[in-house]
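For reference, the structure is listed below as structure tokens.
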Amino acid sequence: MIELQGRSLIGAQTGTASGAEFHALNPATGERLQPAFRCATQQEVDAAANLAEQAFSSFASSSGQTRAALLRRIATGLEGIADQLAERMPQETGLPEARARGELGRTCLQLRLFADLAEQGHWVDARIDRADPQRQPLPKPDLRSMWQPLGPVVVFGASNFPLAFSVAGGDTAAALAAGCPVIVKAHSAHPGVSELVGRVVQAAVQAEGLPEGVFSLIFGDGSTVGSALVKHPHVKAVGFTGSYSGGKALMDIAAARPQPIPVYAEMGSLNPMVMLPGALDTQTEALAKGLAASVTMGTGQFCTCPSVILAIDSPALDRFLTTLEAALSDIQPGVMLNPGIARAYHAGIRIQGAQQGIDARLSETGEGCKARPALMVTDAAHWCGQPLLRDEVFGPSTLVIRCPDQASLLDAVSALEGQLTATLHATESELANWPELVQSLRRKSGRLLFGGFPTGVEVSHAMVHGGPFPASSDGRSTSVGTMAIHRFARPVCYQNFPAALLPTALQDGNPLKLWRLIDGQLSQQ
């Protein structure tokens, strides 16, 4: 049993009690939870960043086996406090115990997946172009390149995934696998869960004999402590999952530094679903009930919640709306993660419902931290003409857009900005008559689904959880899956380097037995 102390973890040390005090709140009851937590001071931020910089050289040059051992030890440690996490997480978030245990399993899966990646080593994409001294008119140099760790990384814990996108979540796992020390800025809504996980990571770093600066955990608000971390000259990259306003603020801070750094921000999405007539005619009830379940999963607090539906006006669409409204009406109010998210949801539904051309089928959103599902309907002309309708309302709501014909549906799709996901419900045969639709949705999303619903993100090698701006700050990256490791690395080329001084992955003998690109051909030579 880990005893919560309410202090930041600065490397191997526990922070002081001199910062401002705050408490976690139980969103279901309003109860103020113990203990009191203390915000980090500027001195503690500096100390964490300095320790991370001191640890970088050693950790960056560590073997893949060393990093894998750390990640696996963290996973095992988290499983050892599963009961304590399952008790504390519902208190701080209103999420059920089953969700806490399920998310813990996903978190450990991520950690072990990145452990395997670090151990195997192929992520470095080793490339060798051998020298040709006889080449004319100029000799060809020996060139060897690979991905190498970027430097100390700051990760911001997410509100809606206290485990899988927080202290030991995907960004932390990816950064540690790459060889980057990590400073986590804990989310203030679930500090107890954050400290429990942080102490497991801290203990794992010590048990593996690694420099203490490989990991620190900082408490505090985003506008002061978070800003100070992003501004610190030792920090070389940032991982963030949250709102557009929060992510954009961090991007601006990072861009204004004397040495700008990348911010990998996942900032939310409308996750449009297009329902073509063939699917809507034959699957009316199944689509309506499946959508109701997806929209209200986790009280709608998933970044992949399908909050915009586009379909051609028809009797089938009328039947779909009737079934969807009934299904949503039967769902009981859910508890939102914290009062701030609840207030934003209630305000968002009021603003959306007040726009021209909106038919508010369900708009009674509940009170306090309780949220009811909302259903709005509009037409393509009002959707395209009113930008406020395209703002994300984070919570259990969806907006259905009636389109009079194929051209207006394509116009409505064109009005979308970048998205994490886009889903097509159609028959294979009818897609042949929509050559522009798939191309348009592909340009606007990071994951394109045929059938099904976007809630539920598989942790795998091929997954992409990102998308064009403003869904994420950099549509070339992902926050889920092993490709995320490249967020925290950069390619380095060695020209005519002495063989003994080359990184192991680039040495002629290939001691790691990697598949490498040698003179343009994949080989284990």
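The values are calculated or read from the model by the stated rules, or taken from the named source; none is laboratory data. The structure displayed is predicted, hence computed values, not measured ones. Because the Cβ atoms are built from the backbone with ideal geometry, glycine has one as well, and the counts that use them run over all protein chains shown.
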Candidates L113, L71, L95 - the one that is crowded, with 22+ Cβ neighbours inside 10 Å and either β-branched (V, I, T) or assigned to a helix (DSSP H, G or I) (or both): L71
For F450: the one exception among (1) surrounded by fewer than 21 Cβ atoms within 10 Å (Cβ to Cβ); (2) of a type in the set (A, V, I, L, M, F, W, C); (3) within 30 Å of V235 (Cα to Cα): (3)
Cβ-Cβ under 8 Å pairs, at least 6 apart or on other chains, region 387-415 side outside the structural domain of V377 (by TED's automatic domain parsing) and on the phi > 0 side of the Ramachandran plot, far side assigned to a loop (DSSP other than H, G, I, E, B) and crowded, with 22+ Cβ neighbours inside 10 Å: none
Residue count, region 307-321 (criterion: free of Cβ contacts under 8 Å to residues at least 12 places away in the same chain and under 12 Å from V377 (Cβ atoms)): 1
Test: residue in region 280-294 that is aliphatic (A, V, I, L, M), farther than 30 Å from S329 by Cα and buried (at least 21 other Cβ atoms within 10 Å of the Cβ): no
Candidate set from region 2-17 (those that are out of contact with any Asp or Glu (no Cβ under 9 Å at 6 or more places or on another chain) and part of a loop (DSSP other than H, G, I, E, B)); member that is modelled with the highest pLDDT: E3
Enumeration of residues in region 417-443 that are part of a helix (DSSP H, G or I) and either without any contact (Cβ under 8 Å) to a residue 40 or more places away in the chain or of a type in the set (F, W, Y) (or both): E428, P435, E436, V438, Q439, S440, R442, R443
Selected residue [surrounded by fewer than 17 Cβ atoms within 10 Å (Cβ to Cβ) and within 16 Å of Q202 (Cα to Cα)] from A12, A82: A12
Residue count for region 335-391, restricted to those that are in a loop (DSSP other than H, G, I, E, B) and either among the hydrophobic types (A, V, I, L, M, F, W, C) or closer than 19 Å to P306 by Cα (or both): 10
Top-ranked residue of region 403-416 - restricted to ones that are assigned to a helix (DSSP H, G or I) and aliphatic (A, V, I, L, M), ranked as nearest to M273 (Cα to Cα): V413
Out of V295, V335, sole residue that is over 30 Å from E428 (Cβ atoms), touching a Cys at 6+ places or on another chain (Cβ under 8 Å) and of a type in the set (A, V, I, L, M, F, W, C): V335
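Here's the yes/no breakdown for (1) surrounded by fewer than 21 Cβ atoms within 10 Å (Cβ to Cβ); (2) part of a helix (DSSP H, G or I); (3) within 24 Å of the chain's Cα centre (by Cα):
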position: D46; (1), (2), (3): yes, yes, no
position: N50; (1), (2), (3): yes, yes, no
position: F59; (1), (2), (3): no, yes, no
position: L78; (1), (2), (3): no, yes, yes
Selection count, region 295-317, where residues are of a type in the set (S, T, Y), crowded, with 23+ Cβ neighbours inside 10 Å and under 24 Å from L437 (Cα atoms): 1
Residue count, region 322-377 (criterion: buried (at least 17 other Cβ atoms within 10 Å of the Cβ), under 29 Å from T29 (Cα atoms) and β-branched (V, I, T)): 4
